[in-house]
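The next block holds one structure in the form of structure tokens; read it before the comments.
The values are calculated or read from the model by the stated rules, or taken from the named source; none is laboratory data. Only a predicted model underlies this, so the values are computations on that prediction, with no experimental measurement involved. Neighbour counts are summed over all protein chains in view; Cβ atoms, including those assigned to glycine, are modelled from backbone coordinates with ideal geometry. We work out accessible area using only protein heavy atoms, side chains counted, and drop any ligands, DNA or RNA first. Shrake-Rupley method; radii C 1.70, N 1.55, O 1.52, S 1.80 Å.
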Amino acid sequence: MKKTVYLTLSDGTVWRGKGELSAPVEGEVVFTTASCGYPQTLTDPSYNGQIVVFAFPPIGIYGVDCENLEGRRAWVRAALVTHLDETEFGRFESLGRWMAENERPIISGIDTRQLILKIRESGSMMGRLDYEPTPPQSAELPPTLVSEVSCKETLVSGEGDITVAVMDYGVKENIIRSMERRGCRVIRFPNDTTAETVLSSGAHGILLSNGPGDPAVLDAEAREISKMIGRLPILGVCLGNQLLARACGAATKKLPFGHRGANQPVMETATGRGLLTSQNHQYAVDAESLRGTELEVAYSHLGDGTVEGLRHRRFDALSVQFHPEASPGPEDASYIFDNFIERIKAEKTEKKGERE
């Protein structure tokens, strides 16, 4: 039988729900507005360290498809929902059981509407789940989130004439699948891999992946990226966008409650084209800090003006804050991956012509 569980935020406010805990859980409390794709959200490595509140009332209505997840396990520290549906059929496992197998609590009966309004008004903050109202002991997330989710050794997958090096800061599996579907051989490197190793791997392009936490603590990763700019075509996604900015001398900032959901409106600066995008980020590039760098804004958020993408003025480097693989979400931005492949092919053709 489920017990009463209390969520206590760092400002002392308390929320009540039902669930089971093997031990108290602490994390940054954030929310997502996506109405589907909850298995992908729960397994997205970018959510490492966070307690996720689902805005959509019933969660679990189609079970869990374990063949199309975004990570090898559930990375959220916990999930909070209004109503947990325990549907399961065929190979689709019930969400509650699957979360228990992953040793991640899912708490239902939470007044998610009021909790989300609280976060929107006060900003994301640390919280603690316990059987008694207890304030969180941690004031912030640790700086080790990326190293926790990154692969521990180099991995190779896919086949094709184009080889893409993926810097794994917490890459979503659908990014890997998206490259493979486009006929790419993928080399997945741990987050602490040196630029020299990547550049000597035979890769034709470099993809800087998404990932969790504050980009300001990733100085080593930013330094290695700075050594790769101008050597091969680069595409940054989410955290990769922020790290490209830092590698070029720009800064990042923390948003009050971030962008999480599958309906974030974005505009492509050069064309005025509007996109609906899937996003999951708490931090963003500081637009003012781009002055004096060789970066320009390629995409912007139509809601709050946040920088949603960058382009290097001199070298072949482009980045986006949103997810072109859109899992879950619309496919408006999938052309960005196609463009990346086209850029790589053009670079290969140019180099071949120079050799001849």
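In the set (1) within 15 Å of the chain's Cα centre (by Cα); (2) in a helix (DSSP H, G or I), Leu207 fails one condition alone, (2). Taking region 1-71 as the region of interest, the strands (runs of 3 or more DSSP E) fully inside it that hold 1 or more residues being in contact (Cβ under 8 Å) with a residue 60 or more places away in the chain, over 20 Å from the mean Cα position of the chain (by Cα) and over 25 Å from Asn174 (Cα atoms) are 3-9, 14-19, 25-32.
Restricted to region 302-356, and to residues there that are touching a residue at least 40 places away in the same chain (Cβ under 8 Å) and among the polar types (S, T, N, Q), the residue that is most open to solvent (accessible area, probe 1.4 Å) is Ser334.
Looking only at residues in region 210-254 that are assigned to a loop (DSSP other than H, G, I, E, B) and of a type in the set (D, E, K, R), the one that is surrounded by the fewest Cβ atoms within 10 Å (Cβ to Cβ) is Arg231.
Which of the residues that make up region 267-291 are more than 26 Å from Gly213 (Cβ to Cβ), assigned to a loop (DSSP other than H, G, I, E, B) and either open to solvent by less than 60 Å² (accessible area, probe 1.4 Å) or not basic (Lys, Arg) (or both)? Result: Thr269, Ala270, Thr271, Gly272.
Residue-by-condition table, conditions (1) modelled with pLDDT under 95; (2) open to solvent by less than 40 Å² (accessible area, probe 1.4 Å); (3) of a type outside the set (Phe, Trp, Tyr):
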| site | (1), (2), (3) |
| --- | --- |
| Arg77 | no, no, yes |
| Glu86 | yes, no, yes |
| Glu132 | no, no, yes |
| Pro143 | no, no, yes |
| Ser147 | no, no, yes |
| Val156 | no, no, yes |
| Val164 | no, yes, yes |
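Taking region 35-58, which residues are open to solvent by 10 Å² or more (accessible area, probe 1.4 Å) and more than 25 Å from Cys151 (Cβ to Cβ)? Residues satisfying the conditions are Ser35, Cys36, Ala55, Phe56, Pro57, Pro58. Among (1) of a type in the set (D, E, K, R); (2) in a loop (DSSP other than H, G, I, E, B); (3) closer than 21 Å to Asn339 by Cα, which single condition is Arg188 missing? For Arg188, the failing item is (2). For the condition surrounded by fewer than 16 Cβ atoms within 10 Å (Cβ to Cβ), within 22 Å of Trp15 (Cα to Cα) and of a type in the set (Phe, Trp, Tyr), Tyr62 does not qualify.
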